[in-house]
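What follows is a set of notes on a single structure, which appears directly below.
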Amino acid sequence: MELEAFLSRRVVTPDGIWPAAILVDGEKIQAVVPQDQVPRDARVCDFGEAAILPGLVDSHVHINDPGRADWEGFETATYAAAAGGYTFLVDMPLNCLPATTTVASLEAKRTAAEGRCRVDWAAWGGVVEDNQADIEALAAVGVPGFKCFLIHPGIDGFTMVTEQQLRAALPAVARTGLPLLVHSELPGPIDTATKTLEDADWRSYSTYLQSRPQEAELAAIRLLLSLCREYRFRLHIVHLAASEALHELKAARSEGLAVTVETCPHYLHLTSETIQDGATAFKCAPPIRGRENREMLWNGLRDGVIDLVVTDHSPCPPEMKRFKEGNFRTAWGGISSLSMALPLMWTEASRRGFTLLDVARWTAEKPAQLAGCHMHKGKIEPGFDADFVLFDADSEFVVSEERLHYRHAVSPYIGERLRGVVKATYLRGKPVFVEGKFPGSPMGREFRLAAASSKE
């Protein structure tokens with residue numbers, strides 16, 4: 001097979017950003033060398049000033065397949081992923097039917113995905129009220145970890161867990177050595193707040209914001225840290241929105257607890273002060289909070305308390321967003337951003353003095369570590385999959401529906417001017433997105449952690 005050399009003045013590697021050539025042999029990166037060391041027989045692609053980043057990894061995506069492919073589905077989710085620079089997705093276990101809480105339901109998902117994916121993928125297993133006996137079986141067949149909710153997830157088919165039910169599951173989770181991802185809100189503070197808002201105007205974003213107080217996140221995180229001390233499992237806090245929790249999370253790290261933290265582009269870009277009444281495209285849970293809170297989350301990234309940034313891509317049919325009535329109480333809570341996350345992050349990060357090296361760490365290297373694929377994905381290094389994204393970091397564009405590529409063109413970002421354009425995405429050495437086109441046929445594969453581990 002012909003050796004290929006991908007050149008750029010800005011190749012983003014773990015060692016820094018430098019003029020380099022990525023030598024690709026088949027599906028793997030053979031070497032990263034100075035440009036004057038490209039072998040004479042290599043086929044050269046010179047991208048000039050456009051940056052080459054590692055293919056992004058999104059460990060928090062709701063593909064909703066099988067069972068709710070009318071919400072998203074493997075085809076459209078992975079089209080949007082490729083357009084956004086992502087080469088690896090990890091699907092959440094809820095919103096699909098059946099939920100991924102047993103080996104049989106995981107096999108149904110594998111069947112649904114076969115031959116339909118533009119990028120590589122894996123699936124988290126679920127922890128629900130009654131599947132404690134399924135946890136180790138799911139680990140044995142390749143899930144990279146588990147997800148649970150401490151509050152009703154907004155949909156039937158995937159139950160929340162109480163503290164008692166979580167305690168019943170944690171010994172099995174700890175034995176697997178895999179992370180438990182937790183939606184960290186407790187219902188008590190939310191129920192109390194909501195009761196005081198029965199007669200409030202639910203078209204007002206401030207009403208919704210009051211109904212999901214920071215205390216719901218803080219109380220949940222305190223409970224989880226206590227359980228982490230007791231059961232010694234790997235804890236991962238998903239979509240942190242409450243900056244008040246950062247101090248306690250930092251202290252837990254210093255204590256030696258195995259806890260990692262993520263947040264999302266919408267919490268780092270949007271602010272509650274700018275959300276108009278009835279604008280339910282902005283509804284998510286936990287909610288988008290104020291400007292000061294946003295800046296504290298950026299400080300959490302700067303300090304390393306927040307490890308990674310993922311999308312929580314959570315699509316639905318447009319009618320579920322209740323656009324006509326603009327009711328934040330009844331609208332579906334979820335923001336879709338697979339195709340826009342990298343420009344969103346670069347727009348905000350570049351304003352604050354961060355570099356593409358920081359963005360690559362948050363959106364590729366660290367999510368790959370969480371998902372257990374870090375020996376294959378998330379870095380431009382010899383031996384890794386030849387996954388990378390060609391990114392014009394200096395250009396700007398206006399978000400439009402035709403740039404979204406997921407099933408339903410619903411977005412709070414339409415009309416915004418963002419910085420940074422994804423020009424092309426390569427999966428294992430082959431282009432899966434180039435200048436708005438999707439060449440070739442679907443070549444995405446499932447990553448199974450147990451099988452991969454046994455080969456290494």
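The values are calculated or read from the model by the stated rules, or taken from the named source; none is laboratory data. Since the model is a prediction, treat every value here as computed from it, not as a measurement. Note that each Cβ is placed from the backbone with ideal geometry, even for glycine, and that neighbours are counted across all protein chains shown. Calculation scope for accessible area: heavy atoms of the full protein, side chains included, ligands and nucleic acids excluded. Shrake-Rupley method; radii C 1.70, N 1.55, O 1.52, S 1.80 Å.
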When only residues in the range 106-132 that are touching a residue at least 40 places away in the same chain (Cβ under 8 Å) and of a type in the set (A, V, I, L, M) count, which is surrounded by the most Cβ atoms within 10 Å (Cβ to Cβ)?
Val119
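Taking Glu198 as the residue in question, decide whether it is of a type outside the set (Gly, Ala, Ser) and farther than 28 Å from Thr330 by Cβ. Talk me through it step by step, then tell me what you get.
Working: of a type outside the set (Gly, Ala, Ser): yes; farther than 28 Å from Thr330 by Cβ: no.
Judged against the criteria, Glu198 is not a match.
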Among residues belonging to the range 331-351 that are within 18 Å of Arg302 (Cα to Cα) and polar (S, T, N, Q), point out the one that is least open to solvent (accessible area, probe 1.4 Å).
Thr347
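Of the residues Leu268, Leu338, Leu370, Leu342, only one is within 20 Å of the chain's Cα centre (by Cα) and assigned to a loop (DSSP other than H, G, I, E, B); which?
When all the criteria are applied, what remains is Leu338.
Please determine whether any residue of the range 193-203 is aromatic (Phe, Trp, Tyr), within 26 Å of the chain's Cα centre (by Cα) and within 24 Å of Phe282 (Cβ to Cβ).
Of the range 193-203, the ones aromatic (Phe, Trp, Tyr) are 202.
Those still in the list that are within 26 Å of the chain's Cα centre (by Cα) too: none.
So far as the range 193-203 goes, no, none of its residues is aromatic (Phe, Trp, Tyr), within 26 Å of the chain's Cα centre (by Cα) and within 24 Å of Phe282 (Cβ to Cβ).
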Would you mind listing the strands (runs of 3 or more DSSP E) fully within the range 1-68 where at least 1 residues are surrounded by fewer than 18 Cβ atoms within 10 Å (Cβ to Cβ) and either among the basic types (Lys, Arg) or in contact (Cβ under 8 Å) with a residue 12 or more places away in the chain (or both)?
4-13, 16-25, 28-33, 43-46
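Yes/no per residue for (1) in contact with a His (Cβ under 7 Å, 6 or more places away or on another chain); (2) among the hydrophobic types (A, V, I, L, M, F, W, C); (3) buried (at least 17 other Cβ atoms within 10 Å of the Cβ):
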position: Gly142; (1), (2), (3): no, no, yes
position: Leu150; (1), (2), (3): yes, yes, yes
position: Thr162; (1), (2), (3): no, no, no
position: Ala168; (1), (2), (3): no, yes, no
